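The structure under discussion is supplied below as structure tokens; questions concerning it will follow.
Read-outs: derived from the displayed coordinates by stated rules, not from any lab. Remember, it's a predicted structure, so these values are computed and weren't measured experimentally. Quick reminder, even Gly has a Cβ in these numbers, built from the backbone with ideal geometry, and neighbours come from all protein chains shown.
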């Protein structure tokens, strides 16, 4: 098998293949557990922030329908969640996780917890929305986080979504200490869902590795574009990143939207965002074409 | 003074002129209390549902900035309220009331109470949003209504809005019994704000008249277009309605939006809505031009 082979995966596939088989798999890599050679290059193209606006929903549905992305995750507290929950309900084979959300980071357009506000005071700003951001003085209560995240997961199930995995909006549950990571891990175990964790993060946050059990699935790498990369460098970024893809399972995290009036207004505090979004859609088209080309190339050797 | 004179008013103007002067005004009509002859035709052109989407905000701001409407009211629980609250804060002379909201009537896009969900269970559907609609079996607790509406008014003040009046989304607080109307009336008195009530409604809902005190301001008439009027008849509707305007203060209630992707998706369960909205914007342009023409005509006689 050629070392440069790139295959695309779904969380759904990972979960059903591995979730009850971990005890027998010993020292095998994730690729091997999935039935691939140890040095395979396996790729998930994952759309984040779905449900946040209609624009993001419409772009993501287009990308899913045309095969441009093969995994996505949903923000339950956001106002447009019902639109994408309805799509998820009528497309049960699509790989939708829950993008567990504890912040409301826009300025003109805001959302609040699913749980009762009076049960989660540490998560709220002075107007009753989720905090715009967490600063050095923001004290987040892990018990309130757990209560809110259970409410998000329960609402998703109640509205017909059958999530394939859990992940964390703005990486808040990974980068803010062991207590918060243990909340998401406990939820993952309780609801029997994999949580998106990448081995790449262990060096910066050692508690991630020490909190995980042998039952947990760990992806090898994740790639997302940094805000410091200017739009005109996006295509080059994806091309270089794909060419340098390491063996193992990589998740490409992508943010899709149309550059329409709603999205421009929702992100107006960041004036490059509309261009950025338009570019991200072009980049993903390019990315997918590139992956297909690579796969065809491998197939013919 | 010519009987056909049409002047435009603001709630703001009505409130500051009348709110502390009612005791001295005896049997005078509202027009007379405002300093106009008894048979004057006074008009407010009022935009509803502001804050519900970015599209509605953008259309309403355009209409306010260009003088097409002279009054509007804001839906505090809606996700785009922060955008219009920010505009209201920086435009303190604009006549913004609060469009007190107890329902979430769209399908793909939903909102929830401002108060803690567990404090207002009778207002919630099974997923924690406001009810889509109230049916014969929906039991709404007036105490919960009061708690929720105080939370909406308090959030508006906290976010810098200085409301000129209160009114009710979908007329829910007028058409559902004396108890709910007494809630909004109590809030109006507590916060020293006029509540939009029209004498036209007294025949259908006698408790409106009996609940009011001599301190309350009552408009004479209200006009809004019925969903049964097809878009191609809108211009004719407005023209006829304006020509037949009765003496007294009339509020024209208008719903503005752009027929863009966000608004089409938000109202997709109602497939004529996008056209309807586009037409409503044209109709208001026509309406304002007509009012100006009439005023000029009166001015030259």
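Can you list the copy-to-copy distances for residue B:91, using a point 7 angstrom from Cα toward Cβ, in nanometres, shortest first?
Going from nearest to farthest copy, the values are 3.8 nm.
How shielded is A:77-85 by partner chains, expressed as the average number of their Cβ atoms within 10 Å of its Cβ atoms?
Numbers: counts 2, 3, 13, 7, 4, 8, 8, 1, 2.
For this peptide, the per-residue mean of nearby foreign Cβ atoms is 5.
Quick one: if the Förster radius is 35 Å, what FRET efficiency do residue A:170 and residue B:141 give, using the C-beta to C-beta distance and rounding to 0.05?
The formula returns an efficiency of 0.40 here.
If you don't mind, another one. Listed highest first by mean packing, meaning other Cβ atoms within 10 Å per residue, what order do A:223-234, B:71-82 come in?
Working: A:223-234: 13.1, B:71-82: 26.6.
Order by mean packing, descending: B:71-82, A:223-234.
Based only on the alpha carbon positions, what is the Kirkwood hydrodynamic radius of region B:34-154, in angstrom? Working shown, then result.
On the way: mean 1/r = 0.0631 Å⁻¹.
Kirkwood hydrodynamic radius for region B:34-154: 15.9 Å.
Would region B:79-122 count as rounded, prolate or oblate if I go by the C-alpha gyration tensor, calling it rounded below 1.5 in a/c and otherwise prolate when a/b exceeds b/c, oblate otherwise? Mind showing how you got there, number by number?
Details: a/c = 2.55, a/b = 1.93, b/c = 1.32.
Prolate, since a/c reaches 1.5 and a/b exceeds b/c.
For region B:42-83, what does the alpha-carbon gyration tensor say about shape, rounded, prolate or oblate, given a ≥ b ≥ c as the root eigenvalues, a/c under 1.5 as rounded, and a/b over b/c as prolate? If you can, show how the numbers build up before the last one.
Details: a/c = 3.13, a/b = 1.68, b/c = 1.86.
Taking the square roots of the gyration eigenvalues as a ≥ b ≥ c, region B:42-83 is oblate.
Tell me, what is the percent relative contact order of region A:23-98, built from C-alpha pairs under 8 Å that lie six or more residues apart?
On the way: 93 pairs, mean separation 21.0, N = 76.
Answer for region A:23-98 is 28 percent.
Quick one: the Cα spread of region A:189-229 along its three principal axes, in angstroms, biggest first?
38, 21, 15
Something else about it: Classify region A:131-237: rounded, prolate or oblate, from the alpha-carbon gyration tensor (a ≥ b ≥ c, eigenvalue square roots; a/c under 1.5 rounded; otherwise prolate if a/b is larger than b/c)? Could the numbers behind the result be given before it?
Details: a/c = 1.41, a/b = 1.37, b/c = 1.03.
Rounded shape, in that the Cα axes give a/c under 1.5.
Residue B:32 versus residue B:158, label points 7 Å from Cα toward the beta carbon: distance in nm?
It is 4.5 nm.
I've got another one for you. Taking a label point 7 Å out from Cα toward Cβ, give me the nm distances from residue A:231 to the same spot in the other copies, shortest first, one decimal.
3.1
Say a paramagnetic label sat at a point 7 Å from the Cα of residue A:241, along Cα to Cβ; which residues of region A:206-229 have their backbone N under 18 Å from it?
Only A:219-229 fall inside the zone, counting backbone N under 18 Å.
For a protection proxy built on the mean count of beta-carbon atoms within 10 angstrom, sort B:191-203, B:141-153 highest first, please.
Packing proxy ranking, top to bottom: B:141-153, B:191-203.
Same structure, new question: Averaged over A:49-60, how many beta carbons belonging to a partner chain fall within 10 Å of each residue's beta carbon? If you can, show how the numbers build up before the last one.
Values: counts 0, 0, 0, 0, 5, 12, 3, 0, 3, 3, 0, 0.
Counting Cβ atoms of other protein chains within 10 Å of each residue's Cβ and averaging gives 2.
Starting from a Cα-only point model with no solvent, please compute log10 I(q)/I(0) by Debye for region B:115-163 at q = 0.19, 0.21, 0.29 1/Å.
Listed by q, the Debye log ratios stand at -0.66, -0.76, -1.07.
Just to verify a number: FRET efficiency for residue A:90 and residue A:209, C-beta to C-beta distance, R0 = 35 Å, to 0.05?
Values: r = 39 Å, r/R0 = 1.11.
Calculated transfer efficiency: 0.35.
When each copy gets a label point 7 Å from Cα toward the beta-carbon at residue A:28, what are the spacings between them in nm, shortest first?
Those separations, rounded to one decimal, come out as 8.9 nm.
Compute the separation of the alpha-carbon centres of region A:224-272 and region A:122-141 and state it in Å as a whole number.
27
How far is the Cα center of region A:71-98 from the Cα center of region B:30-108, in Å?
33
Moving on to the next point. Between residue A:202 and residue B:39, how many nm apart are label points set 7 Å from Cα along the C-beta direction?
For the pair residue A:202/residue B:39, the computed spacing is 9.0 nm.
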